[in-house]
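Okay, structure first, notes after.
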Amino acid sequence: MVKNVLLGAGSVALALLGAEAQAQPPKAAQLSAAIYRDPPQDKAHPARMAVLHIPTGGVEINGIAYLASGKGPHPTVVICHGLPGNEKNLDLAQALRRAGWNAITFNYRGSWGSPGSFRFAQNPEDLRAVLAYLRAGATADKLGIDATRLAVVGHSMGGWVTAMAGSQEKGLAGLVLVSAADFGAMGRMDRPALLKHMADDMESLAGTSPEAMTDEILGAADANGLVAKAGALAATPMLVLSSDDGLAPQTDALVAAIRKSGGTKLRAVHVATDHSWSDKRIALEARIIRFLQPLLER
């Protein structure tokens, strides 16, 4: 009987240990708790969301603010989506908020219900308008934003937008490019191949067509190239993440050019996953939070 009780107790203990092990993420010491754990609730200053209407180019584009708990003001990350933007990285926005950052998402003019017509050349302008909006005293006070600690994360076309606008912005805390496309390099593609790419899944874009988008890219290859922006990006902390989507050579060229320009605040990592990081979402969040966290603590 005693032996059976001990065996039963041992089985329960093993079951509890197994459940505890399953509840812990792999290599937990390497992950921010924000990846897998909600922060304590702050009833006086709770986490919340706010709808934004951001002026740019004579219209007001749509945005959402994921605002961190705590009195603030908080450092803030702007997340730029790609083309057309099916992957908006909202899981990343939530993880960043749990880590103590405000996260801002927005839709470029002519995309996903934002007014206006979609144009590639407008997208970096829209990001700069978002940054100006967040820095404005009334907005910063209302949303609890530390305007001296703004960072930008861009995925795919959003990575190009991040680098293009980032090369003109002074004082950004950091830039993150995720599987970024270089529209300068794309502007040297064969027109039929590029047209075929532009014709795929563009229902969420207004006031444009695959032909118009193709012509815009082909006509602005020199102006849209990222390598030419390397010198202007060299002083900004950057994390460049590439994947197995065929775009890695484009960001490899940018990384090499930044380093050649004297950039020492650059980290580049290649991960074997698809363009949307479909099976590496936690790894993506972990890498970005580890990169940004020292900026939060300064």
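The values are calculated or read from the model by the stated rules, or taken from the named source; none is laboratory data. Please read these numbers as outputs of a predicted model, since none were measured by experiment. Note: ideal-geometry Cβ built from the backbone for every residue, glycine included; neighbour counts use all protein chains shown.
Tell me which residues, restricted to the range 201-218, are β-branched (Val, Ile, Thr), closer than 15 Å to residue 189 by Cβ and touching a residue at least 60 places away in the same chain (Cβ under 8 Å).
The answer is 217, and nothing else.
Take the range 185-197 and flag every residue that is part of a helix (DSSP H, G or I) and either exposed (fewer than 15 other Cβ atoms within 10 Å of the Cβ) or at pLDDT below 95 (or both).
191, 192, 193, 196, 197
Quick check on my filter: what residues within the range 138-172 are within 18 Å of residue 67 (Cα to Cα) and of a type in the set (A, V, I, L, M)?
138, 140, 143, 145, 147, 150, 151, 152, 153
Within the range 52-110, track down each residue that is of a type in the set (Gly, Ala, Ser), crowded, with 22+ Cβ neighbours inside 10 Å, touching a helix residue (DSSP H, G or I) at 6+ places or on another chain (Cβ under 7 Å) and outside any strand (DSSP E or B).
Residues satisfying the conditions are 68, 82, 95, 99.
Which residues, taken from the range 260-298, are part of a helix (DSSP H, G or I), out of contact with any strand residue (DSSP E or B) (no Cβ under 9 Å at 6 or more places or on another chain) and crowded, with 18+ Cβ neighbours inside 10 Å?
285, 286, 289
Could you please tell me which pairs satisfy a Cβ distance under 9 Å, a separation of 6+ or placement on different chains, a first residue in the range 133-146 that is touching a residue at least 60 places away in the same chain (Cβ under 8 Å) and β-branched (Val, Ile, Thr), and a second residue that is crowded, with 20+ Cβ neighbours inside 10 Å and part of a helix (DSSP H, G or I)?
145/134
Check 253, 257, 230 and return the single one that is within 24 Å of residue 191 (Cα to Cα), over 17 Å from the mean Cα position of the chain (by Cα) and in a helix (DSSP H, G or I). Walk me through it before giving the result.
Numbers: 257 fails: within 24 Å of residue 191 (Cα to Cα); 230 fails: within 24 Å of residue 191 (Cα to Cα).
Sole residue among the options that is within 24 Å of residue 191 (Cα to Cα), over 17 Å from the mean Cα position of the chain (by Cα) and in a helix (DSSP H, G or I): 253.
For the range 111-149, which positions are in contact with a helix residue (DSSP H, G or I) (Cβ under 6 Å, 6 or more places away or on another chain) and in a strand (DSSP E or B)?
Passing the criteria: 145, 147.
Within the range 161-174, how many residues turn out to be buried (at least 24 other Cβ atoms within 10 Å of the Cβ) and either touching a Gly at 6+ places or on another chain (Cβ under 7 Å) or more than 17 Å from residue 228 (Cα to Cα) (or both)? Give the derivation first.
Step one: of the range 161-174, the residues buried (at least 24 other Cβ atoms within 10 Å of the Cβ) are 161-166.
In the following step, the residues that additionally are either touching a Gly at 6+ places or on another chain (Cβ under 7 Å) or more than 17 Å from residue 228 (Cα to Cα) (or both) were identified as 161-162.
Result for the range 161-174: 2.
For the range 203-227, how many residues are assigned to a loop (DSSP other than H, G, I, E, B), farther than 18 Å from residue 155 by Cβ and of a type outside the set (A, V, I, L, M)?
Number satisfying all stated conditions: 5.
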